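This report refers to the structure that appears directly beneath it.
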Protein chains: 2
Amino acid sequence: MPIEETDRTIASDKVEGTAVYDLDGERLGHIHNFMIDKHSGEVLYAVMSFGGFLGIGEHYHPLPWKVLKYDEERGGYVVGINKDALKDAPRFAADDFPVFDARYGAGVYGYWGVPFPW
Amino acid sequence: MPIEETDRTIASDKVEGTAVYDLDGERLGHIHNFMIDKHSGEVLYAVMSFGGFLGIGEHYHPLPWKVLKYDEERGGYVVGINKDALKDAPRFAADDFPVFDARYGAGVYGYWGVPFPW
């Protein structure tokens, strides 16, 4: 795969599958995919999968792009939280897909301390 | 895969692989991936693969998100160009990956008549 990364851009399929760690260096999960705003083409959420085994018990955390910091050493993203606190962070189950409307967005972005774009 | 689409959002991995047609309904290629602005989380380019067989002779067209219009009937995106004209549109080969800097962006967005965000 040649199309991957430059100084300021990164390929979607390079980020998908990348590990996410907490502040203590514990692995939380990986980037599953992104939810893109159809109108603006903005990444509204990087969706991190968490837990489960072969898809059973797995759930998802929608993260504003800005809370992901790339850590060269770990070769993955770090979010400013620890694994225990993540229990209280916005999440959804695979069979309970959110509507991702403005109200939902305000809740998620509010939790992470980032202004929601709409 | 439950995480796909709502009124205003769409999953990255749902768009990847979706067919792209020209104004005459001819199939041009498919969405290969996205190049995302690392700072803003904006989709800078939807990268459309074009031509080739088993990767040989294939090349890529970087498209501003806004030039892709979803066509329900065709089940794919339509770009406002025809296949012949696409020869003159910005493109790159798999082994000649662009830097995706502001100069490159101005050229690509200029070609498609969309203001470049930087």
Handout entry: Rg/Rh (Cα only; Kirkwood hydrodynamic radius) as it applies to chain B
Key = 0.94
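For the protein assembly as shown, which whole percent of the accessible surface, found with a 1.4 angstrom probe, sits on carbon and sulfur atoms? Provide the component values of the computation, followed by the final result.
Details: 5740 of 11600 Å².
On the protein assembly as shown, the fraction of accessible area on carbon and sulfur atoms equals 50 percent.
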Exercise for the section: In whole angstrom, note down how far apart the Cα centers of region B:34-56 and region A:38-81 are. Expected result: 20
Fill in the blank from the handout: In region B:20-37, accessible area falls by at least 40 Å² from chain alone to full assembly (1.4 Å probe) for B:32, B:33, B:35, B:36
Fill in the blank from the handout: Rounded to a whole number, the Stokes-Einstein D of the protein assembly as shown in µm²/s (Kirkwood radius over Cα pairs; 37 °C; 0.692 mPa s) is 176
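Chains A and B: how much accessible area gets covered up at their contact, both sides added, probe 1.4 Å, in Å² to the nearest hundred?
Accessible area lost upon association: around 3500 Å².
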Fill in the blank from the handout: Nearest-0.05 FRET efficiency for residue A:71 and residue B:24 at R0 = 41 Å, using Cβ-Cβ distance, is 0.30
Problem - Within the protein assembly as shown, percent of DSSP bridges classed antiparallel, to nearest 5 - result: 95
Exercise for the section: Only counting protein heavy atoms at a 1.4 Å probe, give the residues of region A:81-114, ordered by number, whose accessible area falls by 40 Å² or more when the other protein chains are present relative to the chain alone. Expected result: A:97
Fill in the blank from the handout: In debye to the nearest 20, the charge dipole size for the protein assembly as shown, taken about the Cα centre with +1 at each Lys and Arg Cβ and -1 at each Asp and Glu Cβ, equals 400
Exercise for the section: Report the FRET efficiency, 1/(1 + (r/R0)^6), for residue A:83 and residue B:40, where r is their Cβ-Cβ distance and R0 is 41 Å, rounded to 0.05. Expected result: 0.90
Problem - Length-normalised contact order of chain A in % [C-alpha pairs under 8 Å, at least 6 apart] - result: 20
Practice task
Work out the mean other chain Cβ neighbour count within 10 Å for the residues of A:38-51 and drop it here as an integer.
Solution key: 5
Exercise for the section: Might you report the magnitude of the Cβ-based charge dipole of chain A about its Cα centre, with Lys and Arg at +1 and Asp and Glu at -1, to the nearest 20 debye? Expected result: 260
Problem - Surface per residue (accessible, 1.4 Å probe) for region B:12-112, Å² - result: 48
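The values are calculated or read from the model by the stated rules, or taken from the named source; none is laboratory data. Predicted, not measured: the structure shown is a model, and the values here were computed from it. Note: ideal-geometry Cβ built from the backbone for every residue, glycine included; neighbour counts use all protein chains shown. Accessible surface is based on the protein model in full, side chains and every heavy atom, while ligands, DNA and RNA are left aside. Shrake-Rupley method; radii C 1.70, N 1.55, O 1.52, S 1.80 Å.
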